[in-house]
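Got a structure for you, questions after.
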Amino acid sequence: MRNYLPFILFALLLITACKSEPNNTDKQTDTKTSAKAKENAKVFYYNQASGISSLDPAFAKDQANIWATNQLFNGLVQMDDDLNIRPCIAKSWDISEDGLTYTFTLREDILFHVDEQLDEESRKVTAQDVEYSLNRLIDPKVASTGAWLFNERLAKDKPFEATDKYTFVMRLAKPFRPMLGILSMQYCSIVPKEVVEHHGKEFRVHPVGTGPFKLKLWKENDALVMLKNDDYFEKDTDGTPLPHLDAVRVSFIENKRNSFLKFKDGDLHFLSGIDATYKDDLLSAEGKLKVEWKDKVKLLRSPYLNTEYLGFLMKDNDITALQKKQVRQAINYGFDREKMVRFLRNNIGIPASSGFVPQGLPSFDSQKVQGYTYNPAKARELLKEAGFENGQGLPEITLETVDSYKDLCTYIQNQLAEIGIKVKLELHPPSFLRSKIAKGESNFFRGSWIGDYPDSETYLTVFYGGNPAPPNYTQFNNAEYDQLYQKALLTNDDAARFAIYQQMDQILIEEAPLVPLYYDEVLRFVQKDVQHLGVNAFNLLTLKYVQLADK
C-alpha cells in the first residue's frame, strides 16, 4: 500500500503518547515505538466520491452517510450479509402474538464512546437511551430524514418505553412484520441524550455511539479518520474482540477515474460499483474480472436490492392504448432483457424475468413467480387481441427518462419498433421527471426502486392502492392485491407470508402496471490483502470483521 500512515499514525500515536517530556533515552524508545507502530498499524482506506453530509444517524439518508454511521453506531438489532436479523444492543426480543408489542432485553455490557459530556469517561447503554433515540427520530423539531419509518405504525400511548434499566418495549398501532428490519437501519442507532443535547445540530460533527470505531477527525470533503474502539462489545467467531483494524481513513475524491487510479496503485483497499471511466479496465465484455487483475484483486458480487423498471400510469392515462392490459403485456414481451444486460451493462445485473421483487430477498423465487421473457410472437398476438394487429392504429407512445438511461431506453425503443410499437423518447432532468411522476403527469416512465429494509413489503407497498405517490407512482389499484397486502402484514409465519408476497408479485405480472428491466448487482473490487470484507444486497459496508494480511 502507498502510505497515508503518517497522517493516521499522528492520530494513533497522539492518543498513546506520554504526557511528560521524555529524556533522551525515552526519545530513542519513542522513535523505535513510532517506527514499529507505522509498520504494524492496520489502517483501512476507502473513498467516498459523493461526500458525507452528517455523522448523525438521524440523517443517514444516503449511502455515504450510512457507511460512516455504520462504523460509529449500533442499533437494537443488526443485519448480516444474508439479510438475517441478528442481536446487537438487544440480546433477545419477544413479539406478542398479535404483533403489536415488541419487548427487547438489552445487553448490560455496552459502553458509549468516551466523551467529556458523559458523567463518566464512558457509560453503559440503557433502555432509556433506546427510548430517547427512537423518540428523537420521530421528533418534528429534529426533522430526521428517517422519521417516515414509523409513520402511522406506532401506538398513540407510549410507543417507546423503557420499562426498566435494560428492558425496552415498542408498541405498534397495527401489526407490521418487517419492523425488525426497519430497526436494523442506521436511522435507528442508539445515541446518548446528554451528548446530543449538548451539541444540538452540531452532533453531526461530534458523533458519540457504541460502534466498533470512534471519530478522531473529520475535515469535510478532505478526510475522515475513525479509530478502533477498544471497549467494543462484540467478538468474532473465534472469540477475538472486534474490530481487527486499528483505524479507517476515508478520502473524498470526486473524480471516479482518479479514485480508480488510487486503487490501482494500492492506495485504496476497495472500490464499490463500476463506472464508465474504468469499467473496461477491470471487466471483460462478459462482466468477468480481466485476467491481468486476477492475481491482484478479488471481485465480490451480490444481488443488489434495486429493481430498474418502466412504469405505466394506471389512472387517467392520456394514452388510451396503454389502458389495455394486452398492450402493456406486449411491451413486456417485446424486448430481450438478457441481451440488454449483456451488451449495455457488461452483464452487470440480472435480467428481470420474474416480478418486481428482486433477487436477494428471502421471498424471491423465480420458479414460483414467473415473469416475462423475450417473445416477439406472443407480443404480436397480444397486440392483435388489443385491436392493433402489427401495430396498425397504435399511436406513438412517449417514454420519459433521464439522460443516463438513454442508451437503455433506445435499445428498448428499437426492439419494440420491430413488433410495431412506436416509442418516442423524451429526456428530462432527474428532479423534473421525479416531480412529474409524483404528480401523475407521466404516462410511461423509467424508474428504479431500492429496498429500505430486508423484506419484500418494501417493494410490494409501491403498488398498494391505499398509498399515494410516492410510493405508488403508477397509481395501481387492485382489490385482490390490496387484500393480500393486508393479509401479509398479519401473517406471523415467514413461509406463509412469502407465499402471499409471491401471489402479489404474480398479480403485478398479470396486470402489468410495470415493465421489470433488471435487478441490479453490487460489485466490490478488493485488494488481495483484505480479508473478511463481505458483500450484501444492501451494499452496506461493515468493517468490524475486516483483517489486513501482513505483506
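Derivation of every value follows stated rules applied to the coordinates shown; laboratory data play no part. Source: prediction; values computed, not measured. Neighbour counts run over all protein chains shown; Cβ positions are idealised from the backbone, glycine included.
Can you tell me the convex hull volume per residue for the range 73-200, based on C-alpha atoms, in Å³ to the nearest whole number?
Spelled out: Cα convex hull of the range 73-200, divided by residues, is 114 Å³.
Another question about this same structure. Given a Förster radius of 51 Å and the C-beta distance between residue 438 and residue 167 as r, what FRET efficiency does 1/(1 + (r/R0)^6) yield to the nearest 0.05?
Approximately 0.75, to the nearest 0.05.
I've got another one for you. Taking H as built 1.01 Å from N, whose amide H comes closer than 5 Å to the amide H of residue 447, not counting residues under 5 places away?
309, 310, 311
How far apart, in nm, are the 7 Å Cα→Cβ label points at residue 403 and residue 198?
4.8
Is there a pair in 61/228; 156/315; 324/436; 91/228 whose C-alpha atoms are over 29 Å apart, and which pairs would that be?
156/315, as the Cα separations exceed 29 Å there.
May I ask you to compute the full-extension gain from residue 108 to residue 370, defined as 0.36 nm times their residue separation minus their alpha-carbon distance, rounded to one decimal in nm?
Here the segment from residue 108 to residue 370 would lengthen by 89.5 nm.
Return, ordered by residue number, the residues of the range 275-312 whose backbone nitrogen is under 20 Å from a label point located 7 Å along Cα→Cβ of residue 426.
So the set is 309-312.
Right, another one. In the chain, what % of DSSP beta bridges are antiparallel (nearest 5)?
85
Then there's this: Kindly work out what percent of the DSSP beta bridges joining two residues of the range 304-520 are antiparallel, to the nearest 5.
70
Taking every pair of alpha-carbon atoms in the range 162-209, give the share separated by more than 14 Å as a whole percent.
67
When the helix-only estimate is applied to the chain (DSSP H runs of n ≥ 4, each -39,500 (n - 2.57), divided by the residue count), what is the mean residue ellipticity at 222 nm, nearest 500 deg cm²/dmol?
So the helix-based figure for the chain works out to -8500 deg cm²/dmol.
Run the simple label-point estimate for residue 276 and residue 384 please: 7 Å along Cα→C-beta, distance reported in nm.
Label at residue 276, label at residue 384, 4.1 nm between them.
For the pair residue 479/residue 174, report the inter-label distance in nm, with labels modelled 7 Å from Cα in the Cβ direction.
1.8
Which FRET efficiency, nearest 0.05, do residue 396 and residue 156 yield, Cβ-Cβ r, R0 56 Å?
The computed FRET efficiency comes out at 0.60.
With θ set to phi - 60° and the Karplus curve 6.51 cos²θ - 1.76 cosθ + 1.60, what are the ³J(HN,Hα) couplings of the range 441-451 in order, to the nearest whole Hz, using x for Gly and Pro?
With the stated coefficients, the range 441-451 comes to 10, 10, 6, 8, 8, 8, x, 8, 9, 9, x Hz.
I would also like to ask the following. Tell me, in nm to one decimal, what length is gained between residue 487 and residue 254 on full extension, where the rule is 0.36 nm per residue of separation less the Cα-Cα distance?
Length gained, residue 487 through residue 254: 79.2 nm.
Right, something else. Just subtract the alpha-carbon distance of residue 124 and residue 496 from 0.36 nm times their residue separation and send over the number in nm, one decimal.
Length gained, residue 124 through residue 496: 129.9 nm.
Too long at a 23 Å Cα-Cα cut-off: which of 279/528; 262/406; 264/294; 174/325; 42/279?
Going by Cα-Cα distance, 262/406; 174/325; 42/279 fall outside the 23 Å limit.
When N counts the residues of the range 304-520, how does its alpha-carbon radius of gyration compare numerically with 2.2 N^0.38 Å, as a ratio?
0.97
Going 7 Å from the Cα of residue 82 toward and past its Cβ, which residues in the range 286-329 have a backbone nitrogen under 20 Å from where you end up?
Hits in the range 286-329 for residue 82 at 20 Å: 300-305.
For residue 456, list long-range residues whose amide hydrogen, built 1.01 Å from N in the peptide plane, is under 5 Å from its own amide hydrogen.
So residue 456 has HN proximity to 363.
Continuing with this model, one more query. Any chance you could list the semi-axes, whole Å, largest first, of the equivalent ellipsoid that the Cα gyration tensor gives for the chain, using √(5λ)?
Value: 46, 30, 19 Å, ordered largest first.
List the aspartates and glutamates whose Cα lies under 12 Å from the Cα of residue 256, skipping any in the same chain that are fewer than 8 positions away.
Excluding near neighbours in sequence, the set is 275.
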